[in-house]
1. Got a sec? Which of H498, H524 is assigned by TED's automatic domain parsing to the domain that holds Q563 and either under 20 Å from F226 (Cα atoms) or crowded, with 16+ Cβ neighbours inside 10 Å (or both)?
2. Do we have E393 as surrounded by fewer than 20 Cβ atoms within 10 Å (Cβ to Cβ), without any contact (Cβ under 8 Å) to a residue 60 or more places away in the chain, over 17 Å from the mean Cα position of the chain (by Cα) and closer than 25 Å to Y240 by Cα here?
3. With the condition kept exactly as written, say whether any residue in region 537-546 is closer than 30 Å to I354 by Cβ, out of contact with any Cys (no Cβ under 9 Å at 6 or more places or on another chain), outside any strand (DSSP E or B) and in contact (Cβ under 8 Å) with a residue 24 or more places away in the chain.
4. So, A387, is that one in contact with a strand residue (DSSP E or B) (Cβ under 8 Å, 6 or more places away or on another chain) and assigned to a helix (DSSP H, G or I) or not?
5. Within the set of pairs 6 or more residues apart or between chains, which connect a residue that is under 19 Å from A384 (Cβ atoms) inside region 343-363 to a residue that is surrounded by fewer than 20 Cβ atoms within 10 Å (Cβ to Cβ) and of a type outside the set (G, A, S) with Cβ atoms less than 6 Å apart?
6. Checking the conditions here, which among K418, K386 is surrounded by fewer than 16 Cβ atoms within 10 Å (Cβ to Cβ), closer than 23 Å to N435 by Cα and either modelled with pLDDT under 95 or in the same structural domain as T336 (by TED's automatic domain parsing) (or both)?
7. Residue by residue through region 147-169, note down the ones that are at pLDDT 95 or above and either surrounded by fewer than 16 Cβ atoms within 10 Å (Cβ to Cβ) or within 15 Å of G47 (Cβ to Cβ) (or both).
8. Out of curiosity, is L484 in a loop (DSSP other than H, G, I, E, B), hydrophobic (A, V, I, L, M, F, W, C), at pLDDT 95 or above and closer than 24 Å to D342 by Cβ?
Amino acid sequence: MASQSPRGDGPYPLSTLRHSVSHLMASAVQSLFPEVKFGFGPSIEHGFYYDFQLSDPLEAKDLKRIEKEMRKIAKRSPELVCAEYTRDQAKDRLARRGQDFKVEAVDEIPADERITFYTHGDWEDLCEGPHIDRLDRSYHFKLQTVAGAYWRGDEGRPMLQRIYGTAFWIKEELEAHLAWLEKVKEQDHRRLGTDLDLFSLHAEAGAGFVFWHPRLGTVRREMEKFWWEEHEKGGYEPVYTPHVSREDLFAISGHLDNYADMMYAPMAIEEIPYRVKPMNCPGHILIYKNRGRSYRELPLRWAELGTVYRHERSGVVHGMMRVRGFTQDDAHVFCTPDQLADEIAGVIELVKTIVSAFGFQFTAYLASRPEEKFIGSEESWESAMKALSKGAECAGLALEPDPGGGAFYGPKIDFKLKDALGREWQVSTIQCDFNLPERFDLNYTDRDGQQKRPIMVHRAIYGSLERFCGVLIEHFAGRFPLWLAPTQVALIPIREEHGDYARELAGLFRRSGMRVDCMDQSAHMNKKIKQAKKDKVPYLLICGEREVAERTVTVATRGESEQRTVPADDFLAAALARVAERALSL
């Protein structure tokens, strides 16, 4: 069940309450640990956090002490008061308290903005607000976890301790939210990845690199098969490009100027600098440039499951969701201006087809030019935005605005999927690009014999296979639908003499294309059933004396308490039909 959407009933918005409770928490931390230095403490989507520099690490038991102190302070010093100071006054007040991080923060406040402090009792904090008026109002809060966070997110700066918490006006909403968080914890893909033997991460190989185990490798293979089937129907052709290229290629593409902080350092090959690729698009462009092109060839739709490498900071690397090496389900369309809207509409339909097969609903966002780090003229960006809007209109896709969210080379449509726990994940994207064809001097011969510039559409549907699989694990809580399940059927003989029949069925099922585990090892049947259930196998088929005599199986379906006995051939035919239609239910 997804977390209940908070009504925010109260005299102030929920975000304002949470920001105020973060201040209350910070004052309690200082009361208990007077030497503390403060970072920032904002309200966030599901609560708030505050960063602290302390001499000793906080433990879970400290959170209870801090909560108790917060309640005391709220009663003793409830009124929140705002005061305005000059830049010099603000820095002086903070410096006298030894708050070095806050002094630095003052220097970054624009000259035309007010500098304000909020005070309750004898505690004050540099803050632009807003806040509730009194801390002794009726509300409910909970401190949750402690984590590490670099100051300003910079690995070269001090490591701070971050306390996360949440607050609600209504007690029942806090309780519902905490229950939802427990469910999130239970379905964490990292936990399930270990429990179900799906993947691993290894310090010896470095953070952010995923090792796919056979069970999740099977899921990935099925995803790739489905992906290629749909792309071949859509007229896509496969291409493959190297993982390493000369640095000059990324200078032309603009990655060195606009994306260098996400690229790995160059390596010298015969004194020439090379880079591992952060994107697949330059390689596809080189294939296009390999010979002259005619308008009769366009559109060209080229697809690649291409592995790329990005220098994510260690503080943001997270399981399969944020990694440093990942496989994009990348494709690029080279087309004429007249074909552009139809090509975008075609990609949108492909996104709908593939995403819906996993049971996801989504919201689409139109992301415009970023304020900094972009290439190309205002006119080209405007043309690309219009093309995306027109393509979405042709496909009947509603778009929400995302100001400044575009890639450095062009605007895009981003698709955010909603999972079973109500969370949004950004995966699929469609990017319209007038700029890279210009930078690489791409051309085609038009029907009038003149050289014209093609337009590129960059697009990915899974986004990355690592991230999409991480989302799938959490969305299904490891209970993959039949067509994706690593093991689709577990055959369990009751006694040793029933093993021949189980092995015979296992061979028949495998030849028919089913993934089967014949659990004929010498162990008690109940132990085998327990293991198959732990592995979340969709169907457990029990084989005993009656089943052998009648050529039937007793079927225990995942998530159901009742069992049924059916002819083995009938079960196989029904299961294969469910696989063929990629059914989400058993």
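1. On the way: H524 fails: either under 20 Å from F226 (Cα atoms) or crowded, with 16+ Cβ neighbours inside 10 Å (or both).
So the residue among H498, H524 that is assigned by TED's automatic domain parsing to the domain that holds Q563 and either under 20 Å from F226 (Cα atoms) or crowded, with 16+ Cβ neighbours inside 10 Å (or both) is H498.
2. no
3. Within region 537-546, one or more residues are closer than 30 Å to I354 by Cβ, out of contact with any Cys (no Cβ under 9 Å at 6 or more places or on another chain), outside any strand (DSSP E or B) and in contact (Cβ under 8 Å) with a residue 24 or more places away in the chain.
4. yes
5. That search, which allows pairs on different chains as well, returns E343/P299; A345/C394.
6. K386
7. Scanning region 147-169 gives R162, I163, Y164, G165, T166, A167, F168, W169.
8. On the way: in a loop (DSSP other than H, G, I, E, B): yes; hydrophobic (A, V, I, L, M, F, W, C): yes; at pLDDT 95 or above: yes; closer than 24 Å to D342 by Cβ: no.
So L484 does not fit the description; no.
The values are calculated or read from the model by the stated rules, or taken from the named source; none is laboratory data. Quick caveat: nothing in here was measured; it's all calculated off a predicted structure. We place every Cβ from the backbone using ideal geometry, glycine too, and count neighbours over all the protein chains shown.
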